[in-house]
Amino acid sequence: PIVICSANLNQSLTEKSYRAIAAGALAAVVKPKGPGTPGARDMVENLLRKVRLMAEVKVVRRPVRALPESRSVSIMNGEEIFLQKLKKSPPTIIAIGASTGGPPVLATMLTSLKANFPVPILVVQHITQGFLAGMLKWLQGCTKMPLHVAEAGTKPLPGHIYFAPDCFHLELCQNRLLGFLTTPAESNVKPAVAPLFRSLARLDAPQALGVLLTGMGRDGAIELLAMRDRDQLTIAQDESSSVVNGMPGEAARLGAAQIRLNPEDIAKMLNELPGQA
């Protein structure tokens, strides 16, 4: 397992960190400042925690695309049923949660999504503070869809993608505007996926679709189940394409995911949404 450690949070340099992640590194973290510097102890603890966590990841070489013959007939039937629901009651907003291994998966999906995508997309990616701008600059090269750091009070627009900012949980409020929560970290991360999925499960409308991608732990799994219990659509990344099967695997164990797909097939499914931006 490889962890990128950078002392410089200049946007162009953090963008290079994500190119390294695309090449196989698992995470990026800020290099701690010298002893006695304000915040140095927290930075050291964060680095050690990240290294311990990443040391648990069993890195394997994965194919770029899952082999079609590896997918069972029951899964294919499940996809057809899901597609029928998608077209019958199309979501008006999509929420995506990701952690370890997430940035390359997001890049794969964004590359495949059509340019005239008809609904807004909200994304929570577990990320070290200071690296978000570099990640967005890197991801912007994968898509013609505009990428934004979410701002409270913004109305999400079709064909635009909004990322949760550093140190704030993201939610969709009852007035259909984006909102921030300053509540404590969940699953030891902030932003966490859970508050976003939870906010969508609370809303009677709009119809939402939740996607839970690769990552350690359980963040978002219970809340994805809450979305499914409200008859909203739910997808989890399949195990064979996940760097870490923790979050999507827990969603599958709970019965929260209606289908499990690799990133390319998730994008293909989303491209079936009717209408244009």
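The values are calculated or read from the model by the stated rules, or taken from the named source; none is laboratory data. Values in this document were obtained by computation on a predicted structure and should not be read as measured data. Heads up, the Cβs are rebuilt from the backbone with ideal geometry, glycines too, and the neighbour counts pull from every protein chain shown. The protein model used for the area step is the full one, side chains on, heavy atoms only, and it has no ligands, DNA or RNA in it. Shrake-Rupley method; radii C 1.70, N 1.55, O 1.52, S 1.80 Å.
Taking label points 7 Å from Cα along the Cα-to-Cβ direction, LYS144 and GLN84 give a separation of 3.4 nm.
Between the helical axis of 40-55 and the dominant principal axis of the chain, each derived from Cα atoms, what acute angle in degrees is found, rounded to the nearest 10? Taking the Cα atoms of the chain, the angle to 40-55 is about 50 degrees. When the chain is described by a simple charge dipole with +1 on each Lys and Arg Cβ and -1 on each Asp and Glu Cβ, the residue from ALA25, PRO90, SER112 located farthest towards its positive end is ALA25. Computing the accessible area with a 1.4 Å probe over protein heavy atoms, can you report the carbon and sulfur percentage for the chain? Carbon and sulfur atoms account for 54 percent of the accessible area of the chain. Charged neighbours of SER89, selected by a Cβ distance under 14 Å, balance to +2 (K, R count +1; D, E count -1).
Could you work out the per residue convex hull volume over the alpha carbons of the chain, in cubic angstrom?
Spelled out: Cα convex hull of the chain, divided by residues, is 119 Å³.
Across the chain, the longest run free of exposed loop sites, meaning GluC sites (Glu not before Pro) lying outside DSSP classes H, G, I, E and B with no more than 16 other Cβ atoms within 10 Å, spans 152-271. Counting Lys and Arg as +1 and Asp and Glu as -1 over every other residue whose Cβ lies under 13 Å from the Cβ of ARG176, the net charge comes to 0. If you fit an axis through the alpha-carbon atoms of helix 102-112 and take the longest principal axis of the Cα set of the chain, what angle between them do you get, 0 to 90°, nearest 10? Relative to the chain, helix 102-112 is tipped by roughly 40 degrees. Model label points for ASP204 and ASN175, set 7 angstrom from Cα along the Cα-to-Cβ axis, are 1.9 nm apart. Annotation for VAL59 and LYS137: the two label points, set 7 Å from Cα along the Cα-Cβ direction, are 2.5 nm apart. Picking from VAL123, VAL244, VAL189, which is most flexible by a Gaussian network model of the chain using Cα springs under 10 Å? Highest fluctuation among the options: VAL189. Summarising the strand pairing of the chain, around 15 percent of its internal DSSP beta bridges are antiparallel. Helix 193-202 and the long axis of the chain differ in direction by around 30°, with both axes built from C-alpha atoms. Summed over the residues of the chain and divided among them, the accessible surface reaches 47 Å² per residue at a probe radius of 1.4 Å. Taking the Cα centre of the chain as reference, the dipole from Cβ charges on Lys and Arg (+1) and Asp and Glu (-1) amounts to some 460 debye. Taking 0.36 nm per residue of separation and subtracting the Cα-Cα distance, full extension of the segment from LYS114 to ILE2 would add 37.1 nm.
Counting Lys and Arg as +1 and Asp and Glu as -1 over every other residue whose Cβ lies under 12 Å from the Cβ of GLY159, the net charge comes to +2.
Subtracting the Cα-Cα distance of LEU157 and VAL51 from 0.36 nm times their residue separation leaves 34.4 nm of extension gain. Dipole of the range 111-258 computed with +1 at Lys/Arg Cβ and -1 at Asp/Glu Cβ about the Cα centre; of GLY215, LEU203, LEU136, farthest Cα towards the positive end is LEU136. Exposed loop positions in the chain were taken to be trypsin sites (Lys or Arg not before Pro) whose DSSP state is not H, G, I, E or B and which have at most 12 other beta-carbon atoms within 10 angstrom. Between these positions, the longest stretch is 145-277. Return the subset of LYS16/LYS190; LYS50/LYS144; LYS58/LYS137; LYS33/LYS155; LYS16/LYS114; LYS31/LYS137 for which the Cα-Cα distance in this structure is over 31 Å, preserving the input order. Listed pairs above 31 Å: LYS50/LYS144; LYS33/LYS155.
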